[in-house]
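The values are calculated or read from the model by the stated rules, or taken from the named source; none is laboratory data. Remember, predicted model here, so these are calculated numbers, not experimental data. Cβ placement follows ideal geometry from the backbone for every residue including glycine, while neighbour counts extend to all protein chains displayed.
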Amino acid sequence: MPAKGSAVEIDVETANRILEAIKGSLDVADATFDWEAMKALLQFYGRVPRNKRVPRNKVDLYVETGRQLDAVLSGDKSGVSIVGTRLREILRDPSRRNPALVLLQQTGTCELNWSGYPFWWPVLAAPPTGEPCVFATKVAA
């Protein structure tokens, strides 16, 4: 596991296996989470060639454990509102080249307005230099 505030580079397939392993832990009552969309975007951004010839197939993995974010105070529950100031600055660094998979382990206690058990909250950050893309899920809203 990477040290707090630092990343370890992993391949997209490993990132997808990690997502499969944690998806049973996430239970956000007022929202749904599209795991297949997360995997598809990881695949897209992870394969963006750094030198336009050789696909990277890499993802930077950031992990933070023991977080005690209050569900009511977590803003709109977007990646920007939950990753925190220090990690947000790292993710916005224009020199970062890989997509980032951020795994935030929330304590999930009832006192913090969660369901009463710990869970992993995944956040995907596209590379700052990544090409914009149009993305749609399989189901029209």
Cβ-Cβ under 7 Å, sequence separation 6+ or interchain: first residue in the stretch 62-86 and more than 19 Å from residue 100 (Cβ to Cβ), partner at pLDDT 80 or above and part of a loop (DSSP other than H, G, I, E, B). Which pairs?
66/107; 68/107; 70/113; 71/113; 71/114; 72/113
Here the residues within the stretch 17-36 that are surrounded by 12 or more Cβ atoms within 10 Å (Cβ to Cβ), among the aliphatic types (A, V, I, L, M) and modelled with pLDDT under 85 are 26, 28
Quick one: is residue 3 modelled with pLDDT under 85, among the aliphatic types (A, V, I, L, M) and either over 30 Å from residue 111 (Cβ atoms) or surrounded by fewer than 16 Cβ atoms within 10 Å (Cβ to Cβ) (or both)?
yes
